[in-house]
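Participant: A single structure is presented below for examination.
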Amino acid sequence: MLPAARLYQLILAGTGAGLAIALLLSSQTRPSGLAIALGLTLLYDAVVLGLGVVDARRGRSRRVQARRQPLDKLSIGRDNPVHLTITAGNAPALVKIRDDYPADFGGPQVEETRAIAPQETQEITYTVVPKRRGAYAWGDIYLRQLGPWGLAWHDWHIPRAASVAVYPDLIGLRELSLRLTLQTSGNIRKARRMGMGTEFTELRDYSTGDDLRFVDWKATARKSRLLVRVLEPEQEQTLVILLDRGRLMTAQVAGLARFDWALNAALALALAGLHRGDRVGVGVFDRQMHAWISPERGTHQLPKLLAQLTPIEPVFQEPDYLSAVTTVAQRQTRRALVVLLTDIIDQTASAELFGAMAQLAPRYLPFCVALRDRRVDDRANRPAEDVQSAYSRAVALDLLAQRQLALAKLKQRGVLVLDAPANQISTQLVDRYLQLKARNLL
């Protein structure tokens, strides 16, 4: 039982009235009347407290029903909705409810207050934003219900302990899957009409606006009508994603570790590759190849990637780029698009990266993706207000200049480059991949 505001008000009112009477009697030198007044005040308070106990017990007999809808896999760095439902009995109820979610998700746990009509069911939705992957323990549901007289709260909890797993950005993968599906029904058809691609799919009648270069003159002569070849981007090509989990990937960028942004981007790229019919493989490396998932195509590959990549965390080690690309060359003999997700500081620090990517250039199509920290951009673009801010801005500008020189050197060696803020890298990387496929660069 927890006293409600009304109970305190009644006790204070009765005690105040009793003290006023006692003071009045004491001024008239009536000790017997003073004792009676104090006794009546104590009796009044006891009665009110007793009514509060009875009210709490009555509230217990009118408990609402509450449950948490089954928790799905949570996505790191996203607003994950959690749904609670409350159902009242035959009487109205005023309820306070709190769900004991993991403290690591950040933010104070909010207690929701709801007034529920008889036999009514209400849904409460709140969001949690996990900052790290892994398994978390979810607690029980805690409730307080006001008694029918409004004197006391009856509090109890409903056991709903559960273990919940936080994965990479599954919400983003679902959104990307829908986007790719819509593009398949629109852009791919447009590409076929324009003759973009290398694989022959069918012959069809000529339509106004078709490129005459794709007219099949032999088939036209046989059928006595103008026919054009329909081409589409080649499928069953190979995409290899190399994910750096070294020292630079441990830094926090926009609320998440840089490695988590890179992992989200790697999975988004893998989904796009599988959706386009390519064989997709992933390697995670530091000083050596920490994990290797061989390139395969088909719907079963993405769940395999999720299961094997989700537990991996970055480490404070310098990555060995040469060892990583050597492993790729040994395990992937066919030509492939090799995408390396990492970060770049300057030419000196990235010298080994230059050499490793240059080794790929003659045989594979190398693609280096750098995850930039947006805070450096903001500091470089912010006007200086004093000496300290001017110094900070100068450092940021120098870092960006050194970074651009390093990226330019990669481009000179025939390496494709994408440099974007970490929290925008997934979308931009998928778009670049789709452009490469449409232009048949692989």
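The values are calculated or read from the model by the stated rules, or taken from the named source; none is laboratory data. Since we're looking at a predicted model, the values are computed, not measured. Note that we place each Cβ from the backbone using ideal geometry, even for glycine, and neighbour counts take in every protein chain shown. All accessible areas refer to the heavy atoms of the entire protein, side chains included, with ligands and DNA or RNA removed. Shrake-Rupley method; radii C 1.70, N 1.55, O 1.52, S 1.80 Å.
Okay, residues lined up against (1) modelled with pLDDT under 85; (2) under 33 Å from the mean Cα position of the chain (by Cα); (3) assigned to a loop (DSSP other than H, G, I, E, B):
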residue: Gln145; (1), (2), (3): no, no, no
residue: Trp153; (1), (2), (3): no, no, no
residue: Ser163; (1), (2), (3): no, yes, no
residue: Val166; (1), (2), (3): no, yes, no
residue: Leu178; (1), (2), (3): no, yes, no
residue: Gln183; (1), (2), (3): yes, yes, no
residue: Asn187; (1), (2), (3): yes, yes, no
residue: Glu202; (1), (2), (3): yes, no, no
residue: Arg213; (1), (2), (3): yes, no, no
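Participant: Check off (1) open to solvent by 20 Å² or more (accessible area, probe 1.4 Å); (2) part of a strand (DSSP E or B) for Leu248 and give me the number that stays unchecked.
Facilitator: Checking Leu248 against (1) open to solvent by 20 Å² or more (accessible area, probe 1.4 Å); (2) part of a strand (DSSP E or B), the one that fails is (2).
Participant: Does the stretch 67-84 include one or more residues that are of a type in the set (S, T, N, Q), modelled with pLDDT of 90 or more, part of a strand (DSSP E or B) and exposed (fewer than 15 other Cβ atoms within 10 Å of the Cβ)?
Facilitator: No; the residues of the stretch 67-84 include none that is of a type in the set (S, T, N, Q), modelled with pLDDT of 90 or more, part of a strand (DSSP E or B) and exposed (fewer than 15 other Cβ atoms within 10 Å of the Cβ).
Participant: Report every pair of residues separated by at least 6 positions or lying on different chains whose Cβ atoms are under 7 Å apart, first residue within the stretch 122-137 and without any contact (Cβ under 8 Å) to a residue 40 or more places away in the chain, second charged (D, E, K, R) and assigned to a strand (DSSP E or B).
Facilitator: Taking only residues 6 or more apart or on different chains, the pairs are Gln122/Arg114.
Participant: Which one is surrounded by the fewest Cβ atoms within 10 Å (Cβ to Cβ) among residues in the stretch 85-108 that are under 14 Å from Ala66 (Cβ atoms) and among the small types (Gly, Ala, Ser)?
Facilitator: Per the stated criteria, the residue is Gly89.
Participant: Something else: Return the residue satisfying two criteria in turn: it lies in the stretch 311-326 and is of a type outside the set (Val, Ile, Thr) and more than 30 Å from the chain's Cα centre (by Cα), and of such residues it is least open to solvent (accessible area, probe 1.4 Å).
Facilitator: For the stretch 311-326, the residue satisfying everything is Ser323.
Participant: Picking from Arg432, Arg403, which residue would you name as being within 31 Å of the chain's Cα centre (by Cα) and within 17 Å of Phe367 (Cβ to Cβ)?
Facilitator: Arg432
For (1) of a type in the set (Val, Ile, Thr); (2) without any contact (Cβ under 8 Å) to a residue 40 or more places away in the chain; (3) touching a Gly at 6+ places or on another chain (Cβ under 7 Å), each residue gets a yes or a no:
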position	(1), (2), (3)
Asp377	no, no, no
Asn381	no, yes, no
Arg403	no, no, no
Val415	yes, no, no
Leu418	no, no, no
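Participant: Taking the conditions exactly as written (surrounded by fewer than 20 Cβ atoms within 10 Å (Cβ to Cβ), of a type outside the set (S, T, N, Q) and out of contact with any helix residue (DSSP H, G or I) (no Cβ under 7 Å at 6 or more places or on another chain)), does Ala329 satisfy them or not?
Facilitator: yes
Participant: Would you be able to say whether some residue in the stretch 109-121 is open to solvent by 70 Å² or more (accessible area, probe 1.4 Å) and in contact (Cβ under 8 Å) with a residue 40 or more places away in the chain?
Facilitator: no
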